[in-house]
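Report on the following structure.
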Amino acid sequence: MKKRNLIVFLSIILVIALGLTGCGKTSGSAAKAANLKGKTLHIYCGAGMANPFKEIAEAFKTETGCEVDVTYANAGQIQSQINTSKEGDIFIAGSADELKPVSDYVVITKDLVKHIPVLAVASGNPKFINGVADLTKSGVSLIIGDTEATPIGKIAKKALSDAGIFNKVKIAATTTTAPQLATAIAAGDADAAIVWKENCSTKGVEIVKTTDLDKYVKTIPAAALKCTKDQSTVDAFMAYLDTDAAKQIWTKYGYEQLN
């Protein structure tokens, strides 16, 4: 009898151990088991992150059946839309700072990947720009993002102001989204730009090797909004952002993972 009781006891311990081991594993997709067919999420996403996020949204749809309706715009436009319409499920912002104007609607946030600003120039660096200080040289023109509506524009103004040269550089133009900055450099519309690292894959653009912008690195957050009408589907998508599949898409487009 004692032997039988011992066997039963050991069997129970084994089952518990296996259960705990299973709980400790990270699923390839937290949303894989969810059947969300017939559901729809309305997500706001900064325009500069459109390429990876389109792929992430499509992957989530394939995995769960959930439709993902994404509004791509600059931060200022998204903030205005959220505050005016009081609608939407999730906001993927260029930095945590961009959540402050809509903080009344934010329930929870999740940090995703690093958002790294860099100094970009035309391939070959014809104006020999080696750092932010060189932007004040004669004949050098700069293009920056909108300093009121885009995260990268705000960073550019902050970095140039901190260096004491914001009023000394020649700003050829401003843009409403980050990808337009790299396109302008490639087209020869300006000599340099402060832009996100991932946008510099554009042909004709190269990144200046400088540490001048290292202290302005940001983190891209996903914010669940309280105006959602389907919290369980929001939870499923937020969980999906933690999966290897989602992380690999960010990496594919040049974003760096958090440590």
Of the residues in the stretch 202-233 that are among the polar types (S, T, N, Q) and over 20 Å from S85 (Cα atoms), the one that is surrounded by the most Cβ atoms within 10 Å (Cβ to Cβ) is T233
Quick check on E63: is it more than 27 Å from L160 (Cβ to Cβ) and either surrounded by fewer than 18 Cβ atoms within 10 Å (Cβ to Cβ) or touching a His at 6+ places or on another chain (Cβ under 9 Å) (or both)? no
May I ask you to verify whether E198 is among the acidic types (D, E), outside any loop (DSSP other than H, G, I, E, B) and farther than 17 Å from N130 by Cβ? yes
Which of (1) modelled with pLDDT of 95 or more; (2) under 24 Å from K247 (Cα atoms) does V140 not meet, given it meets every other one? (2)
In the list V140, V169, V132, which residue meets the criterion of being surrounded by 16 or more Cβ atoms within 10 Å (Cβ to Cβ) and within 25 Å of the chain's Cα centre (by Cα)? V132
Scanning the stretch 215-242 residue by residue, those in a strand (DSSP E or B), within 14 Å of the chain's Cα centre (by Cα) and not small (G, A, S) turn out to be K218, T219, I220, P221
Specify the residue that is surrounded by the fewest Cβ atoms within 10 Å (Cβ to Cβ); the eligible residues are those in the stretch 184-201 that are touching a residue at least 60 places away in the same chain (Cβ under 8 Å) and over 25 Å from K252 (Cβ atoms). G188
Please go through the stretch 120-168 and give me each residue that is touching a strand residue (DSSP E or B) at 6+ places or on another chain (Cβ under 6 Å) and part of a strand (DSSP E or B), ordered by number. A120, V121, S141, L142, I143, I144, G145
Just wondering, is there one or more residues in the stretch 196-212 that are over 17 Å from the mean Cα position of the chain (by Cα), acidic (D, E) and not assigned by TED's automatic domain parsing to the domain that holds L99? yes
Collect the residues in the stretch 100-140 that are farther than 29 Å from A172 by Cα and hydrophobic (A, V, I, L, M, F, W, C), keeping them in residue-number order. V102, V106, V107, I108, L112, V113
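Conditions tested, residue by residue: (1) under 27 Å from I90 (Cα atoms); (2) out of contact with any Ser or Thr (no Cβ under 6 Å at 6 or more places or on another chain).
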residue	(1), (2)
F128	no, yes
K137	no, yes
K170	no, no
T176	yes, yes
L181	yes, no
S201	no, yes
D214	no, yes
Residue check: is D89 crowded, with 22+ Cβ neighbours inside 10 Å and farther than 22 Å from D146 by Cα? yes
In this structure, does L181 turn out to be free of Cβ contacts under 8 Å to residues at least 60 places away in the same chain and in the same structural domain as T202 (by TED's automatic domain parsing)? no
Considering residues of the stretch 101-137 that are assigned by TED's automatic domain parsing to the domain that holds A246 and among the acidic types (D, E) only, the residue farthest from N199 (Cα to Cα): D104
I'd like to check something: does the stretch 42-59 contain any residue that is surrounded by 13 or more Cβ atoms within 10 Å (Cβ to Cβ), β-branched (V, I, T), at pLDDT 90 or above and over 17 Å from the mean Cα position of the chain (by Cα)? no
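The values are calculated or read from the model by the stated rules, or taken from the named source; none is laboratory data. Keep in mind the model is a prediction, meaning the values are calculated, not measured. Backbone-built Cβ (ideal geometry, glycine too); neighbour counts: all protein chains shown.
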